[in-house]
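The values are calculated or read from the model by the stated rules, or taken from the named source; none is laboratory data. Predicted model only: the values in this text are computed from it and were never measured. A quick note on method: Cβ atoms are made from the backbone with ideal geometry, for glycine too, and the neighbour counts reach across all protein chains shown. In case anyone asks, the SASA skips ligands and DNA or RNA and just uses the protein heavy atoms, side chains included. Shrake-Rupley method; radii C 1.70, N 1.55, O 1.52, S 1.80 Å.
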Protein chains: 4
Amino acid sequence: MIIEIKVNTDKQILEQIASELQGILIHKPEGDIIITGSKTKKLPEKFNEFAEKIYVFENDMQLSSRQYRSKREIRFGELVIGGIHKNTLLMAGPCAVENHEMIDKTALLLKELNIKVLRAGAYKPRTSPYSFQGLGLDGLKLLDKMRKIYDLKIISEVRDSTHADEVIAYSDIVQIGAKSMYDHGILRKCGKTRKPVLLKRGFGTTLQEFVQAAEFILSEGNDNVILCERGIRTFENKTRFTLDLCCAAYLKQYTNLPIVLDPSHAIGYAYGVHDLARACVAMGVDGLLIEVHPDPSQAKSDASQQINHEEFKRVFESIKAVANAIGYKII
Amino acid sequence: MIIEIKVNTDKQILEQIASELQGILIHKPEGDIIITGSKTKKLPEKFNEFAEKIYVFENDMQLSSRQYRSKREIRFGELVIGGIHKNTLLMAGPCAVENHEMIDKTALLLKELNIKVLRAGAYKPRTSPYSFQGLGLDGLKLLDKMRKIYDLKIISEVRDSTHADEVIAYSDIVQIGAKSMYDHGILRKCGKTRKPVLLKRGFGTTLQEFVQAAEFILSEGNDNVILCERGIRTFENKTRFTLDLCCAAYLKQYTNLPIVLDPSHAIGYAYGVHDLARACVAMGVDGLLIEVHPDPSQAKSDASQQINHEEFKRVFESIKAVANAIGYKII
Amino acid sequence: MIIEIKVNTDKQILEQIASELQGILIHKPEGDIIITGSKTKKLPEKFNEFAEKIYVFENDMQLSSRQYRSKREIRFGELVIGGIHKNTLLMAGPCAVENHEMIDKTALLLKELNIKVLRAGAYKPRTSPYSFQGLGLDGLKLLDKMRKIYDLKIISEVRDSTHADEVIAYSDIVQIGAKSMYDHGILRKCGKTRKPVLLKRGFGTTLQEFVQAAEFILSEGNDNVILCERGIRTFENKTRFTLDLCCAAYLKQYTNLPIVLDPSHAIGYAYGVHDLARACVAMGVDGLLIEVHPDPSQAKSDASQQINHEEFKRVFESIKAVANAIGYKII
Amino acid sequence: MIIEIKVNTDKQILEQIASELQGILIHKPEGDIIITGSKTKKLPEKFNEFAEKIYVFENDMQLSSRQYRSKREIRFGELVIGGIHKNTLLMAGPCAVENHEMIDKTALLLKELNIKVLRAGAYKPRTSPYSFQGLGLDGLKLLDKMRKIYDLKIISEVRDSTHADEVIAYSDIVQIGAKSMYDHGILRKCGKTRKPVLLKRGFGTTLQEFVQAAEFILSEGNDNVILCERGIRTFENKTRFTLDLCCAAYLKQYTNLPIVLDPSHAIGYAYGVHDLARACVAMGVDGLLIEVHPDPSQAKSDASQQINHEEFKRVFESIKAVANAIGYKII
């Protein structure tokens, strides 16, 4: 249940309501709200006079629900997605920042194409301790350099809560990866910042759990949460994962959060990225993540799924046409 | 292994090769071929003189493989898909033919929009014995009437081999459903006809098994096999199934068979059909199946996923624009 | 809804009730019953006088439900499972009957160990057209010979409805395989016989669908249905399938049908059969299927999962001890 | 590749080998070892003289592999599991420590039955921010009290790396939960301690990834890793998860780590715990986790799957009999 509290309600009363309902109190510029678990379906009568409006929910998708509010708009700098805007934000770059040369080449490519957001991992959540683990803080510093030289925005991933503060400090959009999305430590830290947070769905995560992870961030007071579908794990293993576009349709219908799709991680093979990127854009979503590397065969991680610069340019032209056909714009 | 036999090779020799290699012999207008299991990697030397060309494969995707031949073209009447054609064939209609009135309304809608193929089930593979099982032969006869009145082509589903002959007789395209696609009885009967067969992937079926089911039909001599992805079963149950577009990308890359997508069965809910249909077309595929019903709320099966005529017209306009953006044409 | 009709109710009335409720009428020695879909929750008042007892259900698990009756007992010859009996019926044999010698060796092994039921496939539902498809009718005849020589009961699988009658004629227990369990043609034919039918769960089949497939058989009047869990398809592919013992627990709790488990097909590798067979027996179930072959490395199908005779004897001793520990008996 | 280095090899040489091969150097009482990624298949010739023994692997399951060493033994206090011991360690307790009274009742039950390990969560990895999140440090202190009063060992879960040190300090066995098992922060911290670590498989985690997560801990120098299967997420949702005993068979066959099973989390419903617990023990494994609560209906989390004290006593008797039948002992 979400209770919008009347302005000028006494602080003490506020805290009494929150405590009695075991609810979470959030102070917003537009007024205070209290959120309880969705099992609470009724406000005790004595508090009725303090409630401006009450929203009752079937389950714990509350702050993220379309029932609570219309599509959220997220702005960072001159860029805006969500709301009534039909913008699809393209975020591109290598799986990992590996060294100055390769990230510089990639940043230059984006600059040329007037793409605004550079993605690259510094802390890589590898499943084996014996493979490349990312450059860590040095990687973040390289990304910072690219931001300054090429006037790009940076999206990079938090792997675990030990370095969450660093990644939040160095990124314009903070990415929570598929393997970390249940991590309360990360979720709560991302709830304290006001930077946009791109939350990836775990590959074994139900939509219910996915949206509830967003609720952790929202209920800490950060309104700027973006949901990203990147492929789920199914019985099929000829492709690395299965891109779940039914999920995207569901999230568009029932949540108020912007939606981003990641075809590269879904299929895991470069050959399918072009077609899938077009399909993703045709869904009418708020963003797209594509992995591109100056020389994929030499990449230190995800070598099979990154496309090269030439292919990327073809994809870019192609998705602009598809976006145009459905009344959207690639930004 | 596929062995293309030299023309004028003696019949007896042919049969000797086939028998010695435990292979399947197919007579084609363009020449005879023998197919063995893929574990056979070498032709015994003594037979070399009779072989025009030999194809060795990694697994039992053989006749369907891009390694064997380029994209197949399938013609039925004036329609053509596959090959070098960038045509996306739209097949639409209700889940089931329920009575004359509703199928007539649907056929009329297609006629108005110049859509050529009417889909509707007569034998419904319901999972409960206590729900509507389809009209059976009477349903096929109603479809036949629509064909004649509106000059439409008919696609309808075989549920099990007891009525396979009937469905083959009454359809222009024979559909093998997701629940029947391992059925040797059906597969072999569909291999004997020359009508196009649309083979749906089982919701628990790997791509390997799916394509091998097509090999049953192809190895009986029917070249006209179309593969259809219609959603797989995953852990996610907020949507009915999960549309596997990574599968479509894989099949485009590695097989020579035309590919059709079915967004309606995948999501199972009308709200997502529009966006998903656009995504399917953006993949660059050979066909699309969409369920449409004059009054979905009254449908006797799959009520939740069928769209009404108004929504269908919107979808139709929208997918034409997307097809156009990628150089395809909806036929 | 199941309506037990009062004895001596007029035939015409019976048919009127069935027709008005679109229900299925079954004549039983203990009285007539009418079954409708589970959405029907109330008998029209005018029919109340003819109803002995009414059972209302949440979903289409009706005749199979514990709510309708207690655990069913199935007898064939001197053997009995289910009901209040704590018997675990061991059914063993090769994947396929390949020739006289190997099936004779297997039958002899069973005889030695006093095991009563020989399993072997004659029509193999292979996923590739290029591998061994089974001996067909000749295989059934070999099994028949074994039955006569060694006084064994035979369980063999129907692959599709084209040969269902044959398999029903030659088997003591008719097996419906995982790939055929949605096949209405087979299900309805198995509903007409009174022989026990062992219905295997499809590897992509929900428990709801599985039990509803049993309802097809039960609602045709055959009471002797046995459910068999044999592994489902999951994202894990280091083993061939995933044995779902939670499923067995669910079926024991909610259905009245005997339950059999098949560890061999589940794991797909001989190394795990011993431990899994013990686990299956420890669940307290009505039967166990184990694949055994005189020389697994030479088997024409499922070579990796069949155990040899020595290993089988060890497993047999081991499961007898486990059964004993939980108050069951291997028969 | 694992290289066992000859004793008395110069420190500088050691570091040179490690650095040149990008390997991890571990100092063990029995000698130093260097581990590289499994793609390295050959030691450069110049280093041959320093290698005592070399192990080459197919994939990154290395330190955990049976190819490297036989079953590991883990001791904590007087308890020992793994190795040649056929002990199945029973760990029982509530989902979460909720207050003094309920944890005291549970501890007393264990004491009565002479069970040595109390399980209970203090930091609960809930998927919703609006439900009970655990008592945190206060919970750990309550568990510490139980340890002292009843002479029990404690197993409790790390939720994220922000409180990993606390949980490690307060536990005798540190549990890494299914949702945290990819967390490098936690894995590395658990690699620094020498306490036994029970690593739970994520519900969407392949066996390969699962064992590689153990490699993170092992390669930091902690030899005491226990693997726990607790159910994976599949398409079936009548039960909460699907207990994967094929996984247990695989891990027994191919890894050297002790294996624990958790039937309570797998099925998610109390009715199946008894049968499944017997099945788990019949597998011949090193441990069992069972959730028990003085009053399950009042539990603040996982209410449906916890069994009460009476049922627990029945399960306990039953699993002792099964263990006995297969030559194991419940400790």
Original post:
Taking segment C:214-229, which residues are within 13 Å of chain B (Cβ to nearest Cβ), farther than 17 Å from C:ILE168 by Cβ and not acidic (Asp, Glu)?
Top reply: C:SER219
**OP:** For segment A:59-83, name all the residues that are of a type outside the set (Gly, Ala, Ser) and either assigned to a helix (DSSP H, G or I) or over 16 Å from A:LEU251 (Cα atoms) (or both).
**Re:** A:ILE74, A:ARG75, A:PHE76, A:GLU78, A:LEU79, A:VAL80
Subject >> Selection status of B:LYS252, within 8 Å of another protein chain (Cβ to nearest Cβ), under 16 Å from the mean Cα position of the chain (by Cα) and open to solvent by 10 Å² or more (accessible area, probe 1.4 Å) >> reply: yes
Original post:
Before we move on, is D:LYS105 in contact with a strand residue (DSSP E or B) (Cβ under 9 Å, 6 or more places away or on another chain), closer than 29 Å to D:ILE307 by Cα and basic (Lys, Arg)?
Top reply: no
Original post:
Does segment A:141-150 contain any residue that is open to solvent by less than 10 Å² (accessible area, probe 1.4 Å) and under 26 Å from A:ILE81 (Cβ atoms)?
Top reply: yes
Subject >> Sole residue being surrounded by 15 or more Cβ atoms within 10 Å (Cβ to Cβ) and under 18 Å from the mean Cα position of the chain (by Cα), chosen from B:SER38, B:SER65 >> reply: B:SER65
Subject >> Residue list for segment A:255-279, filter: away from chain B (no Cβ under 11 Å) and of a type in the set (Phe, Trp, Tyr) >> reply: none
Original post:
Just a yes or no: is a residue in segment B:17-34 surrounded by fewer than 15 Cβ atoms within 10 Å (Cβ to Cβ) and among the hydroxyl-bearing types (Ser, Thr, Tyr)?
Top reply: yes
**OP:** Go through segment D:6-57 and count every residue that is assigned to a loop (DSSP other than H, G, I, E, B) and under 18 Å from A:SER131 (Cα atoms).
**Re:** 13
Subject >> Failed criterion for C:THR88 (all others in (1) in a loop (DSSP other than H, G, I, E, B); (2) of a type in the set (S, T, N, Q); (3) in contact with a Phe, Trp or Tyr (Cβ under 7 Å, 6 or more places away or on another chain) hold) >> reply: (1)
Original post:
If a residue has to be in a helix (DSSP H, G or I) and closer than 22 Å to A:ASN224 by Cα to count, how many in segment A:251-268 make the cut?
Top reply: 4
Original post:
Right, C:ALA122: more than 17 Å from C:SER301 (Cβ to Cβ), within 14 Å of another protein chain (Cβ to nearest Cβ) and of a type outside the set (Ser, Thr, Tyr) or not?
Top reply: no
Original post:
Somewhere in segment C:311-325, is a residue under 19 Å from the mean Cα position of the chain (by Cα), crowded, with 24+ Cβ neighbours inside 10 Å and under 17 Å from C:MET91 (Cβ atoms)?
Top reply: no
Original post:
Applying the selection to segment B:269-307, what residues are in contact (Cβ under 8 Å) with a residue 24 or more places away in the chain, open to solvent by 10 Å² or more (accessible area, probe 1.4 Å) and either charged (D, E, K, R) or assigned to a loop (DSSP other than H, G, I, E, B) (or both)?
Top reply: B:TYR269, B:ARG278, B:ASP286, B:PRO294, B:ASP295, B:ALA299, B:LYS300, B:ASP302, B:SER304
Subject >> Qualifying positions in segment B:182-205 - at the interface with another protein chain (Cβ under 8 Å from one of its Cβ atoms) and touching an Asp or Glu at 6+ places or on another chain (Cβ under 6 Å) >> reply: B:ASP183, B:HIS184, B:GLY185
Original post:
Since D:LYS238 meets every condition but one in (1) more than 9 Å from chain A (Cβ to nearest Cβ); (2) in contact (Cβ under 8 Å) with a residue 24 or more places away in the chain, which condition does it not meet?
Top reply: (2)
Original post:
Pick from B:PHE235, B:PHE216: which is touching a helix residue (DSSP H, G or I) at 6+ places or on another chain (Cβ under 8 Å) and either among the aromatic types (Phe, Trp, Tyr) or surrounded by 21 or more Cβ atoms within 10 Å (Cβ to Cβ) (or both)?
Top reply: B:PHE216
**OP:** Might you let me know whether segment D:234-245 holds any residue that is within 21 Å of D:GLN208 (Cβ to Cβ) and part of a helix (DSSP H, G or I)?
**Re:** yes
**OP:** From D:LEU187, D:LEU198, grab the single residue that is of a type outside the set (Asp, Glu), over 17 Å from D:ILE24 (Cβ atoms), open to solvent by less than 10 Å² (accessible area, probe 1.4 Å) and modelled with pLDDT of 95 or more.
**Re:** D:LEU198
Original post:
Does any residue of segment C:15-32 turn out to be of a type outside the set (Gly, Ala, Ser), assigned by TED's automatic domain parsing to the domain that holds C:TYR170 and either more than 18 Å from the chain's Cα centre (by Cα) or more than 30 Å from C:ILE290 (Cβ to Cβ) (or both)?
Top reply: no
**OP:** Please tell me if D:PHE210 is under 27 Å from D:ILE35 (Cα atoms), part of a helix (DSSP H, G or I), aromatic (Phe, Trp, Tyr) and more than 8 Å from every other protein chain (Cβ to nearest Cβ).
**Re:** yes
Original post:
Would you pick out the residues in segment C:152-181 that are in contact with a helix residue (DSSP H, G or I) (Cβ under 9 Å, 6 or more places away or on another chain), open to solvent by 10 Å² or more (accessible area, probe 1.4 Å), of a type in the set (D, E, K, R) and at the interface with chain B (Cβ under 8 Å from one of its Cβ atoms)?
Top reply: C:ARG159
Subject >> Criterion violated by C:ILE103 - all others in (1) within 30 Å of B:ARG201 (Cα to Cα); (2) over 15 Å from the mean Cα position of the chain (by Cα); (3) not acidic (Asp, Glu) satisfied >> reply: (1)
Subject >> Residue count for segment C:222-233, restricted to those that are within 16 Å of the chain's Cα centre (by Cα) and either part of a loop (DSSP other than H, G, I, E, B) or at positive phi (or both) >> reply: 5
**OP:** Identify all residues within segment D:77-112 that are more than 23 Å from D:LEU137 (Cα to Cα), open to solvent by 20 Å² or more (accessible area, probe 1.4 Å) and either among the small types (Gly, Ala, Ser) or touching a residue at least 12 places away in the same chain (Cβ under 8 Å) (or both); write none if there are none.
**Re:** D:GLY77, D:GLY83, D:ILE84, D:HIS85, D:LYS86, D:ASN87, D:LYS111
